[in-house]
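The values are calculated or read from the model by the stated rules, or taken from the named source; none is laboratory data. Please read all numbers here as calculations on a predicted model, not as lab measurements. Here the Cβ positions follow ideal geometry from the backbone for every residue, glycine too, while neighbour counts run over all protein chains shown.
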Amino acid sequence: MTTSIRPVLLSTEVMELLKEVELPTEDLVEGRSGAIFYGIFEDHTVCGVVAIEPHGNLALLRSLAVETQHQRNGFGQALVAHAVEVATSPRPQ
């Protein structure tokens, strides 16, 4: 199986995953957060998500969720590492 991390939209599938692990979603629905989501996929199935919320030169890591059956496989660790990499990479001016 192929595993990849790529940007995802805030879809019903992502919202359901966040709710499943009891993470807050109210500000996401209202579009106030500015969060940018990334999903980890096994083949074409999303197994987990993470978001970064940029605030000037800083970024908040939020909404980290991995489906129960995919936990303890390093997916959460990979998502955090990816979010940190994106948050610390130079942004175009």
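Overview of results
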item: Single residue of the range 3-32 satisfying the filter (under 20 Å from E85 (Cα atoms) and either part of a loop (DSSP other than H, G, I, E, B) or among the basic types (K, R) (or both)) that is modelled with the lowest pLDDT; result: L9
item: Output for the range 57-70, where each listed residue is surrounded by fewer than 13 Cβ atoms within 10 Å (Cβ to Cβ) and either assigned to a helix (DSSP H, G or I) or touching a residue at least 40 places away in the same chain (Cβ under 8 Å) (or both); result: T68, Q69
item: Residue in the range 71-89 that is crowded, with 19+ Cβ neighbours inside 10 Å, touching a helix residue (DSSP H, G or I) at 6+ places or on another chain (Cβ under 9 Å) and not hydroxyl-bearing (S, T, Y) present; result: no
item: Yes/no for H44 being farther than 21 Å from P24 by Cα and without any contact (Cβ under 8 Å) to a residue 60 or more places away in the chain; result: yes
item: Residue selected from the range 42-56 under the condition buried (at least 16 other Cβ atoms within 10 Å of the Cβ) and among the β-branched types (V, I, T), by the criterion farthest from I5 (Cα to Cα); result: I52
item: Hits in the range 47-56 - residues which are in a strand (DSSP E or B) and without any contact (Cβ under 8 Å) to a residue 24 or more places away in the chain; result: E53, H55
item: Scope the range 72-93; condition assigned to a loop (DSSP other than H, G, I, E, B) and either within 16 Å of K19 (Cα to Cα) or at pLDDT below 90 (or both); matching residues; result: S89, P90, R91, P92, Q93
item: Residue count, the range 11-24 (criterion: free of Cβ contacts under 8 Å to residues at least 12 places away in the same chain and of a type outside the set (G, A, S)); result: 5
item: Single condition G39 does not satisfy, out of (1) at pLDDT 95 or above; (2) surrounded by fewer than 16 Cβ atoms within 10 Å (Cβ to Cβ); result: (2)
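Residue-wise test of (1) farther than 20 Å from F75 by Cβ; (2) of a type outside the set (V, I, T).
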| residue | (1), (2) |
| --- | --- |
| L10 | no, yes |
| E22 | no, yes |
| D27 | yes, yes |
| A35 | no, yes |
| Y38 | no, yes |
| H44 | no, yes |
| V50 | no, no |
| N57 | yes, yes |
| L60 | yes, yes |
